[in-house]
Amino acid sequence: MILVSGCLLGINCRYDGGNNRSNALLEQLSAEGIVPVCPEQLGGLTTPRAPAEIQGGEGIDVLVGHARVVTKEGKDVTAAFLKGAEETLRLAQQMDIERAVLKARSPSCGCGLIYDGSFSGLKKVGDGVTAALLKKNGIVVLTEEDISNIR
Ligand code: SF4
């Protein structure tokens, strides 16, 4: 079983109500048991919702209270992002899932590179909040862009 960002599977859970369906990814994972997950929805946020980015650090810093997640309008949504990460981890652990493919650059799902908090499209090195928590707990996290490394 493998955990996959719902938006990559075509579920309309993205902040703007759309998705990031990747046919290439679906083809790559066709032999796997897929568990779709959207941490931001699991954290209680609505769809659609305001876009948010991590400011003052990256996902691991949010986990220890040294950075926060804010919307473009400046609303602090850190608690929802933390709850979504915890719920995602709980699901993964309950199902003995050891691998995840998550959406690149997202403040929840991004792995290795995320938007930099300026809402300008610029990126910074780091993980999203959920990716950071999963990695901290021994789950291998990749993005759809490095899926070729998963096998
Ligand atoms: S990137 Fe993650 S949190 Fe954002 S819509 Fe996709 S699954 Fe949900």
Practice problem: With the condition kept exactly as written, say whether any residue in the range 49-57 is within 12 Å of the ligand (Cβ to nearest atom) and in contact with a Cys (Cβ under 8 Å, 6 or more places away or on another chain). | Solution: no
Practice problem: Within the range 128-146, identify whether any single residue is over 15 Å from VAL37 (Cα atoms) and modelled with pLDDT under 95, and answer yes or no. | Solution: yes
Self-check item: Set ARG14, ARG21, ARG90: member being out of contact with any strand residue (DSSP E or B) (no Cβ under 8 Å at 6 or more places or on another chain), surrounded by 20 or more Cβ atoms within 10 Å (Cβ to Cβ) and among the basic types (Lys, Arg)
Solution: ARG14
Quiz prompt | Subset of the range 93-125 (residues that are assigned to a strand (DSSP E or B) and touching a helix residue (DSSP H, G or I) at 6+ places or on another chain (Cβ under 8 Å)) | solution = ALA100, VAL101, LEU102, ILE114
Quiz prompt | Residues of the range 26-79 satisfying the condition of being in contact with a strand residue (DSSP E or B) (Cβ under 6 Å, 6 or more places away or on another chain) and among the polar types (S, T, N, Q) | solution = GLN55, THR71, THR78
Quiz item: Any idea which of LEU8, LEU3 is in contact (Cβ under 8 Å) with a residue 40 or more places away in the chain, touching a strand residue (DSSP E or B) at 6+ places or on another chain (Cβ under 8 Å), assigned to a helix (DSSP H, G or I) and buried (at least 17 other Cβ atoms within 10 Å of the Cβ)?
Solution: LEU8
Quiz item: Being within 14 Å of the ligand (Cβ to nearest atom), without any contact (Cβ under 8 Å) to a residue 12 or more places away in the chain, more than 14 Å from the chain's Cα centre (by Cα) and assigned to a loop (DSSP other than H, G, I, E, B), is that true of even one residue in the range 61-80?
Solution: no
Practice problem: Keeping to the range 24-43, report how many residues are more than 9 Å from the ligand (Cβ to nearest atom) and surrounded by 13 or more Cβ atoms within 10 Å (Cβ to Cβ). | Solution: 7
Exercise. Kindly indicate whether ASP76 is touching a helix residue (DSSP H, G or I) at 6+ places or on another chain (Cβ under 6 Å) and either among the acidic types (Asp, Glu) or on the phi > 0 side of the Ramachandran plot (or both).
Key: no
Exercise. List the number of the failed condition for GLY84; all other conditions in (1) of a type outside the set (Lys, Arg); (2) over 16 Å from VAL141 (Cβ atoms); (3) within 14 Å of the ligand (Cβ to nearest atom) hold.
Key: (2)
Quiz item: With respect to GLY110, is the statement that it is surrounded by fewer than 18 Cβ atoms within 10 Å (Cβ to Cβ) and of a type outside the set (A, V, I, L, M, F, W, C) true?
Solution: no
Practice problem: Say whether the condition of being outside any helix (DSSP H, G or I), among the aliphatic types (A, V, I, L, M) and under 15 Å from the mean Cα position of the chain (by Cα) is met by at least one residue in the range 26-33. | Solution: no
Quiz item: Can you name every residue in the range 133-146 that is under 12 Å from the mean Cα position of the chain (by Cα), within 23 Å of SER22 (Cα to Cα) and among the hydrophobic types (A, V, I, L, M, F, W, C)?
Solution: LEU134, VAL141, LEU142
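The values are calculated or read from the model by the stated rules, or taken from the named source; none is laboratory data. Fair warning: this is a prediction, and the values are worked out from it, not measured in the lab. Note that each Cβ is placed from the backbone with ideal geometry, even for glycine, and that neighbours are counted across all protein chains shown.
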